[in-house]
Amino acid sequence: GAVVSQHPSRVICKSGTSVKIECRSLDFQATTMFWYRQFPKQSLMLMATSNEGSKATYEQGVEKDKFLINHASLTLSTLTVTSAHPEDSSFYICSAREGADLNEKLFFGSGTQLSVL
Amino acid sequence: AQKITQTQPGMFVQEKEAVTLDCTYDTSDPSYGLFWYKQPSSGEMIFLIYQGSYDQQNATEGRYSLNFQKARKSANLVISASQLGDSAMYFCAMREVTGNQFYFGTGTSLTVIP
């Protein structure tokens, strides 16, 4: 089946530094990728929708200058958390969809646990 | 209003028994898709089953089946013959034909008791 690879799986960084998370679709071309944030024992919160070659669409309340999303190719999207602070500590998970049909399921990466000290 | 509602924060089931996880949804779109995902403690999201709003029959995938009641706007997941490895969070999700976004419920934590 389709595989989405997400790296790193865990990152610890100092406050004020930037962290880049990569999301790759390994065996299909992902026209759309989604970035989610998940707090412990809570649901997935959509941060942004990323379309190849165009600017990401951010959800209300998500700072686009803080969470930079780049979708440079059909197989790679990156999320950069700029000037990270402890409140940015969370589980970030990406997902990708090959087509746009209604029954196209999302394939998820394994997630990145970000801890900002 | 919430698009997806999962009213059971936690459920317990005896090994080898069946369990039903509830999901109700809210949409005015004529066409939509309903999905169930499993999230083990490792964090990955695993696709389980899909039901289209116009599908005549309830979806089944191995031990998973979806009890789809369109008039009641419910899409409950039934897991038969529960196994210890079924212990995880389960999320119901919906995508509307008019949009790109998937809406997720708050999840149900299932614990299978040996």
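For segment B:90-103, state whether one or more residues are under 25 Å from A:GLN38 (Cα atoms), part of a loop (DSSP other than H, G, I, E, B) and within 16 Å of the chain's Cα centre (by Cα). No, segment B:90-103 contains no residue that is under 25 Å from A:GLN38 (Cα atoms), part of a loop (DSSP other than H, G, I, E, B) and within 16 Å of the chain's Cα centre (by Cα). Examine segment A:80-95 for a residue that is buried (at least 17 other Cβ atoms within 10 Å of the Cβ), within 13 Å of chain B (Cβ to nearest Cβ), in contact with a Cys (Cβ under 7 Å, 6 or more places away or on another chain) and in contact (Cβ under 8 Å) with a residue 24 or more places away in the chain, and state whether such a residue exists. Checking segment A:80-95: at least one residue is buried (at least 17 other Cβ atoms within 10 Å of the Cβ), within 13 Å of chain B (Cβ to nearest Cβ), in contact with a Cys (Cβ under 7 Å, 6 or more places away or on another chain) and in contact (Cβ under 8 Å) with a residue 24 or more places away in the chain. Inclusion of A:SER77 among residues that are within 14 Å of another protein chain (Cβ to nearest Cβ), within 15 Å of the chain's Cα centre (by Cα) and not hydrophobic (A, V, I, L, M, F, W, C) is not warranted.
Tallying residues that are within 14 Å of another protein chain (Cβ to nearest Cβ) and part of a strand (DSSP E or B) within segment A:28-74 yields 18. Taking the criterion of being under 17 Å from B:SER28 (Cα atoms), open to solvent by 40 Å² or more (accessible area, probe 1.4 Å) and in contact (Cβ under 8 Å) with a residue 40 or more places away in the chain, the residues of segment B:67-114 that qualify are B:ARG72, B:LYS73, B:VAL97, B:THR98, B:TYR103.
For segment B:66-87, the criterion of being part of a loop (DSSP other than H, G, I, E, B), modelled with pLDDT of 95 or more, under 19 Å from B:GLN14 (Cα atoms) and more than 16 Å from the chain's Cα centre (by Cα) is satisfied by at least one residue. Annotation note: of A:MET45, A:MET33, the sole residue that is crowded, with 22+ Cβ neighbours inside 10 Å, closer than 30 Å to B:THR7 by Cα and either among the hydrophobic types (A, V, I, L, M, F, W, C) or over 12 Å from the mean Cα position of the chain (by Cα) (or both) is A:MET33.
Exactly one residue among B:TYR37, B:TYR54, B:TYR64 is within 23 Å of A:ARG97 (Cα to Cα) and open to solvent by 50 Å² or more (accessible area, probe 1.4 Å), and that residue is B:TYR54. Filtered by the rule that a residue be surrounded by fewer than 18 Cβ atoms within 10 Å (Cβ to Cβ) and out of contact with any helix residue (DSSP H, G or I) (no Cβ under 9 Å at 6 or more places or on another chain), segment A:62-73 gives A:VAL62, A:GLU63, A:LYS64, A:ASP65, A:LEU68, A:ASN70, A:ALA72, A:SER73. Counting only strands (runs of 3 or more DSSP E) that sit wholly inside segment B:8-64, those with at least 1 residues that are touching a residue at least 60 places away in the same chain (Cβ under 8 Å) are B:10-14, B:19-21, B:32-39. Being open to solvent by 50 Å² or more (accessible area, probe 1.4 Å), at pLDDT 90 or above and out of contact with any Asp or Glu (no Cβ under 6 Å at 6 or more places or on another chain) holds for only one residue in A:GLU52, A:GLU59, and it is A:GLU59. For segment B:67-100, the set of residues classified as within 13 Å of another protein chain (Cβ to nearest Cβ) and either within 18 Å of B:CYS23 (Cα to Cα) or not polar (S, T, N, Q) (or both) consists of B:ALA88, B:MET89, B:TYR90, B:PHE91, B:CYS92, B:ALA93, B:MET94, B:ARG95, B:GLU96, B:VAL97, B:GLY99, listed by residue number.
The values are calculated or read from the model by the stated rules, or taken from the named source; none is laboratory data. Just so we're clear, the structure is a prediction, and the values are computed from it rather than from any experiment. Methodologically, a virtual Cβ is constructed for each residue, glycine included, from the backbone with ideal geometry; neighbour enumeration extends over all protein chains shown. For the accessible areas, the whole protein counts, side chains as well, though only heavy atoms, and no ligand, DNA or RNA atoms are used. Shrake-Rupley method; radii C 1.70, N 1.55, O 1.52, S 1.80 Å.
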